[in-house]
Structures are given as structure tokens and as C-alpha cells.
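The values are calculated or read from the model by the stated rules, or taken from the named source; none is laboratory data. No experiment lies behind these values; they were computed from the predicted model shown. Quick reminder, even Gly has a Cβ in these numbers, built from the backbone with ideal geometry, and neighbours come from all protein chains shown.
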């Protein structure tokens with residue numbers, strides 16, 4: 001479904017991502033992990049066209065998307081959330097989701113219909129008339145996912161969806177991610193909370209300093225010496 005090949009991004013002399021390669025199969029939940037500053041969000045920004053890569057290639061369903069703009073990539077079927085959520089704060093939750101629905105429809109009535117369906121699916125219907133700025137962090141994170149889902153993605157990139165959530169909200173976030181996967185959406189997720197990433201991922205790709213250090217099942221990656229060293233230091237590895 002998604003293939004990253006020798007992806008590299010330099011900001012001046014800083015190599016944020018270096019020769020990164022991985023494949024995400026259709027229907028997978030594919031975890032991308034690494035310590036702070038490893039380059040995870042930069043990878044997302046390259047996949048969805050926010051940054052152009054210095055070199056390398058990104059294929060979506062076998063088609064190159066490396067040089068495309070974010071709006072074009074979204075219409076092709078790749079949606080994303082952001083680590084720092086920024087809803088349209090003076091608009092209602094429903095209006096926020098309608099704005100995303102216009103990616104696929106061309107009338108207000110159809111956008112409202114799609115938005116209501118998506119709000120119901122994501123468990124935010126009871127907040128539809130709230131102003132987005134009044135939401136808790138948990139509901140803002142859920143709204144971020146709902147907005148992405150309103151674009152009818154085939155692949156969704158989730159960037160630290162669980163950050164800042166309490167234990168009950170974490171369980172709800174895990175359930176929603178699994179529900180999205182069960183709808184046939186392929187998921188690429190960046191997450192620091194190990195309870196989330198280890199419990200939902202089919203495969204995990206670990207990076208450090210923008211380079212691959214391990215890939216495998218959650219258990220294989222958790223036991224990998226290079227991964228333990230990257231997170232906890234050489235003494236623990």
C-alpha cells in the first residue's frame with residue numbers, strides 16, 4: 001500500500017532522515033517509533049508532501065507521490081493527524097469535520113451528511129455543536145482523527161494520537177484505532193506510549209537519528225538491543 005525507498009531529508013547540513021526504507025501492507029497497523037528527535041514526524045511530513053525529500057522515493061499503491069502537494073496526496077487517499085492539534089477553534093466540531101469532508105463532496109448538505117456519519121463513527125456526535133476551542137485535549141485528539149477520516153482515506157498517518165491522554169482515554173483511543181483498521185483503512189502510527197504502540201501494531205519500524213535500527217513484530221523490536229540502547233542507554237542494553 002505504501003513504500004518508502006531510500007528516503008532522505010537534509011535541513012541545511014542536518015540529516016533529519018537518512019536512506020530510510022520500509023513497506024506498509026494493506027490493512028496493517030504499522031508502528032514507527034524512536035526517541036525524541038529521531039525523525040518520525042519528518043517522515044510523516046515527507047509522506048504527505050509537507051516537505052519535499054532531498055532524495056528517495058515514496059510510492060502509494062505503486063504510484064510515485066514524492067513530488068505531489070499535500071492536498072493532492074490527501075485526495076489520492078492519504079490523510080494525517082498532527083502531533084500538535086490545531087482545530088478551527090471558532091467553529092463547531094461539526095463545522096470542523098465538514099471542512100474536511102469537502103475533500104470528497106461539493107455541497108454543504110453532502111458535507112454535513114458525511115461529517116455526521118464520521119462523527120458518529122468516531123464517537124464525537126455528542127460534541128457536534130460544541131466550539132472546537134472548548135474541547136478537552138482528549139476530545140481534540142479525537143476530533144483530529146475524525147477530521148482525517150472525513151476525507152475517506154485508504155491510509156491514515158497518526159502522529160502521537162495518545163499523547164496527553166489519561167488511562168481511560170488511552171483505552172478509548174486504542175479501541176478507535178482498531179475500529180478504523182477494521183474498516184479497511186491502513187494505519188501508519190507514530191507513538192511514544194508503549195502501551196499503545198505495542199498493543200495495536202502488526203509490525204514496528206524503529207529509527208534513531210533518522211536511520212533504521214530495527215524492524216519486526218512488537219516483541220522482536222522490544223527485545224532488540226539497538227532499540228533498548230536508543231531509548232534507555234547503553235547500560236540497559
Picking from 170, 135, 157, the residue that is under 30 Å from residue 25 (Cβ atoms) and buried (at least 20 other Cβ atoms within 10 Å of the Cβ) would be 157
For segment 50-68, name all the residues that are within 18 Å of the chain's Cα centre (by Cα), over 13 Å from residue 7 (Cα atoms) and crowded, with 18+ Cβ neighbours inside 10 Å.
60
Would you mind telling me which numbered condition in (1) out of contact with any helix residue (DSSP H, G or I) (no Cβ under 8 Å at 6 or more places or on another chain); (2) assigned to a helix (DSSP H, G or I); (3) under 30 Å from residue 119 (Cβ atoms); (4) modelled with pLDDT under 90 residue 195 fails?
(1)
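Condition check ((1) modelled with pLDDT of 95 or more; (2) in a helix (DSSP H, G or I); (3) under 30 Å from residue 232 (Cα atoms); (4) in contact with a strand residue (DSSP E or B) (Cβ under 9 Å, 6 or more places away or on another chain)) across all residues:
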{"position": "118", "(1), (2), (3), (4)": "yes, yes, no, no"}
{"position": "126", "(1), (2), (3), (4)": "yes, yes, no, no"}
{"position": "138", "(1), (2), (3), (4)": "no, yes, yes, no"}
{"position": "153", "(1), (2), (3), (4)": "yes, no, no, yes"}
{"position": "158", "(1), (2), (3), (4)": "yes, no, yes, yes"}
{"position": "164", "(1), (2), (3), (4)": "no, no, yes, no"}
{"position": "171", "(1), (2), (3), (4)": "no, yes, yes, no"}
{"position": "179", "(1), (2), (3), (4)": "yes, yes, no, no"}
{"position": "189", "(1), (2), (3), (4)": "yes, no, yes, yes"}
Could you grab me the full set of residues in segment 201-216 that are outside any strand (DSSP E or B) and at pLDDT 95 or above?
201, 202
State whether one or more residues within segment 203-211 are more than 23 Å from residue 48 (Cβ to Cβ), crowded, with 17+ Cβ neighbours inside 10 Å and either out of contact with any strand residue (DSSP E or B) (no Cβ under 8 Å at 6 or more places or on another chain) or touching a residue at least 24 places away in the same chain (Cβ under 8 Å) (or both).
no
Count, please, the residues in segment 20-37 that happen to be touching a helix residue (DSSP H, G or I) at 6+ places or on another chain (Cβ under 7 Å) and part of a strand (DSSP E or B).
5
Filtering segment 93-110 down to residues that are touching a helix residue (DSSP H, G or I) at 6+ places or on another chain (Cβ under 7 Å) and within 22 Å of residue 134 (Cβ to Cβ), which residue is surrounded by the fewest Cβ atoms within 10 Å (Cβ to Cβ)?
94
Check segment 38-47 and report whether any residue there is assigned to a loop (DSSP other than H, G, I, E, B), at pLDDT below 95 and in contact with a strand residue (DSSP E or B) (Cβ under 9 Å, 6 or more places away or on another chain).
yes
Would you say residue 82 is part of a loop (DSSP other than H, G, I, E, B) and touching a strand residue (DSSP E or B) at 6+ places or on another chain (Cβ under 7 Å)?
yes
Checking the structure you have, find out if any residue of segment 180-202 is free of Cβ contacts under 8 Å to residues at least 40 places away in the same chain, more than 28 Å from residue 91 (Cα to Cα) and crowded, with 23+ Cβ neighbours inside 10 Å.
yes
Looking only at segment 48-65, count how many residues are closer than 28 Å to residue 199 by Cα and part of a strand (DSSP E or B).
3
Return the residues of segment 1-19 that are assigned to a loop (DSSP other than H, G, I, E, B) and crowded, with 19+ Cβ neighbours inside 10 Å; say none if nothing qualifies.
1
